[in-house]
Structure formats: C-alpha cells, structure tokens
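Report on the structure given below.
All of the numbers you see were taken from the coordinates with simple rules; none came from a lab. Keep in mind that what you see is a predicted model, and the values were worked out from it rather than measured. Methodologically, a virtual Cβ is constructed for each residue, glycine included, from the backbone with ideal geometry; neighbour enumeration extends over all protein chains shown.
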Amino acid sequence: MNRIFPATFADSALVIGVIAFATIAGAWIFEELGYPPCDLCLEQRWAYYVGVPLAILAFALAKAGAPRVLLAVIMAALALLFAAEFVFAIYHSGVEAKLWQGPTACTATTPGPVSAGDLLKQLETIKVVRCDAVNLRVFGLSLANWNIFISAALAAFAGRATVLSK
C-alpha cells in the first residue's frame, strides 16, 4: 500500500481538487491583503481555474462509477495541465531571479513617444506590477517558487492516478 498517493480515482481527484483550490484561494487572499499579482501570476492561475473544476468532475464521475478509461483520460489531462504549470512556474521564477527577461507587459515601458502631460496622466491611472520583482516571500520562497512544488505534486498525483484500477 502506497502511503503517499491516494488509492482510488475518487481519492486522487479529491486530493488534487482540494490542494488546487487551496492554492488559488491562497493567491486570492494574498491579493486581498495588498499583494497585487503581476501578469505572469495572473496567467499562472489559469491552470487552477481549469484544474479545480476538472478534479471536481473526476471526483463526481468516479463516485458515480464511470468507466476507468474515462477517469484515466481526465487524470492524464490534469497531469499534463499541472506539468505545464510546473514549467511555467519555473519560467516565472527565472524571471524573478533575473535569469531571463520576462514579457514586456511586466515592465513600465510605453509604446512609443509620449508627451509629458500624457505620461503623467498614464502614471496616475496605471500601476504596473513587475514580474521580475518579488513582492512577497513565504518561508523564503516567492509564490512562483511555491507554485513549482505545488504544481509538480499535483502533476504527480494526477499522473499516478492514470494507472489506478479503481
């Protein structure tokens, strides 16, 4: 009996759904506490916006006795989704560490010549949250760093679940 991974599709889906929901809820809480997300942070949330409902669907189907092949396909989709999120979290962490440049949306540059009056007006209304600056560290790691570990774990749980027989 494996003590790390859940033993059934339903248990796997439940674990994935709870961890994914707790992760996205944590991001929302930090945002409400005054830590606005950058563009890459917002893009990283999409895996959770897709993954949570997909995990709920897998849980409901498993409890309803859906065919194993259907559950395995859903778990494989979750594994791929969170594996891609893992890669994206590494990319974002590299941008934060200045190992490579992030997207231009995460910088304060303007698209061409701007008059002084226009620039002041833009500065009053636009707040750019930089993707290459860490606004919050939790136990020494940025939220993008934490997402590497969380998405890897979710991908592993989902990947392992694809080979379950129950």
Self-check item: Around residue 48: net Lys/Arg minus Asp/Glu count, Cβ-Cβ under 15 Å
Solution: -2
Practice problem: Give me the Kirkwood hydrodynamic radius of the range 1-97, using the inverse of the mean 1/r over all pairs of distinct Cα atoms, in Å to one decimal. | Solution: 14.5
Quiz item: So what's the Cα pair-distance distribution over the range 3-57, bin width 5 Å, in %?
Solution: 4, 20, 23, 21, 14, 10, 6, 2
Quiz item: Classify the range 61-106: rounded, prolate or oblate, from the alpha-carbon gyration tensor (a ≥ b ≥ c, eigenvalue square roots; a/c under 1.5 rounded; otherwise prolate if a/b is larger than b/c)?
Solution: prolate
